[in-house]
Amino acid sequence: MGEIVTDQLSKRFGKLKALDHVDIVVPKGSVFGLLGPNGAGKSTTTRLLCTLLKPSFGTARVGEYDIIENPVKVREITGVLPEEGSHTLYPGMTAYQNLEYFAKLYDVPDEEIHERIEELLTFMELWERKDDNAGELSTGNRQRLALCRALLHRPEVLLLDEPTSALDPVAAKRVRELILSLAKKYNQTFFINSHNLSEVQRICDRIAIIDKGQILLTGTTAELREQLHAKQEYMIRVAGDIEKAKSITESHHFVESVKVGVDSLIVTIDDPYENNSQLMQGLLAAGVNIIEFAEEEASLEDLYLEVLNGGGN
Amino acid sequence: MAQSKSMLVALADIRMALKLKMVKWSLVLSAAFGPLMTIGLVAGPVLVFTGPELNLMIAILMPMAAAMLAMFSVIPATMISANALVGEREQSTLEPLLCTPLTDRELLWGKTLSSVLICGAILVLSTLASTIGIAAVLLGAGKQLIIFPDLPGLFMLAVVAPIVLFAVVSLMIIISGKVQRVYEAYQMSGAIILIFMIPMMAPIIFSPSGVVDPSMIWMWNFVSFLLAVVIAVVTWAIAFKQFNRDSMVSLV
């Protein structure tokens, strides 16, 4: 049973179909990534799930609650980092006051409010800045503060729109680690919108690719590759003359493509299980010194571009 | 719990509103200008006129002063409520607030309370300041004491003004789902305050003999009251019915 289940979820703004019959299932405790170009419908999906928008058609369930029938309950169990989260804080309130205000609105028990704020601000390395107005913090620090706000009431489901945008690499890494640890420790479910493909590949259990309001493909990276019938690539790292290695590789009829790197070749092979050893023998026989011969992981970026270019249809 | 959450929203709105220079100055000017005008209108003629002329002036100016004081007290509500709704959206702080478990009722009460608390306080303090100020000027000049507000004036300040205040906020809730900028909201909601022009001007305009009849003052006060009630009830009903997070967010 999924923690987030959408059923034909659709949203229209006038004549514009922002979301068109979207079906997504996100299991409890998993990290789900929604990928897509600008205007694809990612933020609309998040806004529908956190009950900010009402669906034009279809519905969704978050935890036990339907977003149309029980919007208040849905909001109780979700934590939201909106798009451009760093701009959504009260600039005239201090970091502490921003969190205290939302803690009260989310019914965090009074006796726990200070402890939770201290814990989160310390983790995000903002405790020293707790008395600074949010408007005086850098964009990165504001983004971290907005994340603290989303986590404050320990929600079952977190809807995060570009959570690491505006963060430096170190802070982004900490946030990624936090997401993974929370998903594991508290079984929290994460629904993440992102443009950052390597980030999604690193932390998400499942991925969906959305464009023009429609889900084009969904699954794990491996499943996406399978669905796209993407060719497995192999990396052959050699010592010495790379051009010679290239010409020998190309001379084999079963080699479909060869890309040349600094000290390696990226090769696609027809029927690799049958022909890999033949290629390796051919290279060795020609005096090419092979250092490594390995399967190349198809990057999410390649798959993403392939789907958006029509491969997923 | 519902009440306390509304109060939390109201206090946050007040805190944020007081950070804005425009709102701060509007509060200062309303709080100062209302009593000063009232003292001038009521105590001034006593210092200059005597006999029947004074009675005529007082009869004309007492209702005008009460309505003016009420108007000055309600003006800041347009700014506070515009900032509490449209301003929050402009600042992008509305979206996280709408994501909290606040019900629509709690949210709207909170947004209403922020204006009611501040303008209510201004209304009470301005009335007290005017009463004391007028008494001080007259006693200081050795003139006969006039109690301000008189009964129709008290009705205007204690009954009509809070209803108009309520109407201003509920109109702002309706407007907030339709406009994108704070200044547009200011302009549109300000029109309701013109209700106070009725008790200010109508008794003079509609007294052909030039002598203001006290019963006419009551009548026009009552017309203002009825108009304010109708506008407040209609706008509040529409505001509650039409308010939805969808339209607020779609305008972002």
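The values are calculated or read from the model by the stated rules, or taken from the named source; none is laboratory data. All figures in this text were calculated on a predicted structure; none of them were measured in a lab. Glycine also receives a Cβ, built like all others from the backbone with ideal geometry; neighbour counts cover every protein chain displayed. With ligands, DNA and RNA removed, areas are computed over all heavy atoms of the protein, side chains included. Shrake-Rupley method; radii C 1.70, N 1.55, O 1.52, S 1.80 Å.
Annotations
- Note that the range B:80-85 has calculated 3J(HN,Hα) couplings of 5, 5, 5, 5, 5, 10 Hz, one per residue in order, obtained from phi through the Karplus relation 6.51 cos²θ - 1.76 cosθ + 1.60 (θ = phi - 60°); glycine and proline are x.
- Cα shape, the range A:100-166, gyration tensor, a/c 1.5 rule: oblate
- CD proxy at 222 nm, helix term only [per DSSP H run n ≥ 4: -39500 (n - 2.57); per residue of chain A; nearest 500]: -11000 deg cm²/dmol
- Over the C-alpha atoms of the protein assembly as shown, the Rg to Rh ratio, Rh being the Kirkwood estimate, stands at 1.20.
- The 3J(HN,Hα) values that the Karplus relation (6.51, -1.76, 1.60; θ = phi - 60°) gives for the range A:151-162 are, in residue order, 8, 3, 9, 6, x, 6, 10, 10, 10, 10, 9, 6 Hz. Gly and Pro appear as x.
- At least 10 Å² of accessible area lost relative to the chain alone, listed for the range B:93-124 with a 1.4 Å probe: B:Thr93, B:Glu95, B:Pro96, B:Leu97, B:Leu98, B:Cys99, B:Thr100, B:Pro101, B:Leu102, B:Thr103
- Pairing chains A and B buries close to 2500 square angstrom of accessible surface in total, based on protein heavy atoms and a 1.4 angstrom probe.
- Top of A:Gly135, A:Gly282, A:Gly58 by mean-square fluctuation, Gaussian network on chain A, Cα under 10 Å: A:Gly282
- The charge dipole of the protein assembly as shown, taken about its Cα centre with unit charges on the Cβ of Lys, Arg, Asp and Glu (plus for the first two, minus for the last two), comes to roughly 2340 debye.
- For the listed residue pairs A:Lys11/B:Lys241; A:Lys42/B:Lys241; B:Lys178/B:Lys241; A:Lys184/B:Lys5; A:Lys15/B:Lys178, the alpha carbons are over 24 angstrom apart in A:Lys42/B:Lys241; A:Lys184/B:Lys5.
- Within the accessible area of the protein assembly as shown, the carbon and sulfur atoms contribute 59%, probe 1.4 Å, all protein chains present.
- Residue-level accessible surface for B:Phe33, protein heavy atoms, 1.4 Å, Å²: 100
- Of B:Phe206, B:Phe148, B:Phe196, the one that fluctuates the most in a GNM where chain B has Cα springs shorter than 10 Å: B:Phe206
- Compared with the dominant Cα axis of chain A, that is its longest principal axis, helix A:110-123 is turned about 30°.
- In Hz, Karplus ³J(HN,Hα) per residue of the range A:140-150 (6.51, -1.76, 1.60; θ = phi - 60°; x = Gly, Pro): x, 5, 5, 5, 5, 5, 5, 5, 4, 4, 5
- Taken about its Cα centre, the range B:2-251 carries a charge dipole of about 480 debye when Lys and Arg each add +1 at the Cβ and Asp and Glu each add -1 at the Cβ.
- Label zone at A:His21 (point 7 Å along Cα-to-Cβ), backbone N below 18 Å, the range A:185-226: A:209-218
- For the range B:158-252: rounded, prolate or oblate by the Cα gyration tensor [a/c cutoff 1.5]: prolate
- Cα lying deepest toward the dipole's positive end in the range A:123-273, options A:Ile203, A:Leu216, A:Ile269, charges on Cβ: A:Ile203
- In a reduced charge model with +1 at each Lys and Arg Cβ and -1 at each Asp and Glu Cβ, chain A shows a dipole moment near 860 debye about its Cα centre.
- Chain lengthening between A:Glu274 and A:Asp66 when straightened (0.36 nm per residue, less Cα-Cα): 69.7 nm
- Orientation-averaged projected area, Cα convex hull of the range B:2-251 (nm²): 13.8
- Note on the range A:113-130 and the range A:12-71: Cα centroid distance 31 Å, given to the nearest whole angstrom.
- Among beta bridges that DSSP assigns inside the range A:111-240, antiparallel share in %, nearest 5: 50
- Chain lengthening between A:Ser181 and A:Ala285 when straightened (0.36 nm per residue, less Cα-Cα): 32.5 nm
- Given charges at Cβ of Lys, Arg, Asp, Glu: the range B:2-251 dipole, positive-most of B:Ala43, B:Phe206, B:Ser130: B:Ser130
- Surface calculation, 1.4 Å probe, protein heavy atoms: B:Val124 sits at approximately 90 Å² accessible.
- Fluctuation leader among B:Leu102, B:Leu85, B:Leu165 - chain B, Gaussian network, Cα springs under 10 angstrom: B:Leu102
- Ligands, DNA and RNA aside, A:Arg149 has an accessible area near 10 Å² when probed at 1.4 Å.
- Across chain B, the relative contact order, built from alpha-carbon pairs under 8 Å that are at least six residues apart, equals 28 percent.
- At 1.567 mPa s and 4 °C, Stokes diffusion of the range A:49-167 via Kirkwood alpha-carbon radius, µm² per second: 88
- Restricting attention to the protein assembly as shown, close to 65% of DSSP beta bridges with both partner residues there are antiparallel.
- Taking every protein chain into account, the accessible area of the protein assembly as shown amounts to 44 square angstrom per residue (probe 1.4 Å).
- Note on the range B:118-252: dipole from Cβ charges, positive end direction compared against B:Ile231, B:Gly140, B:Met156; the farthest Cα belongs to B:Ile231.
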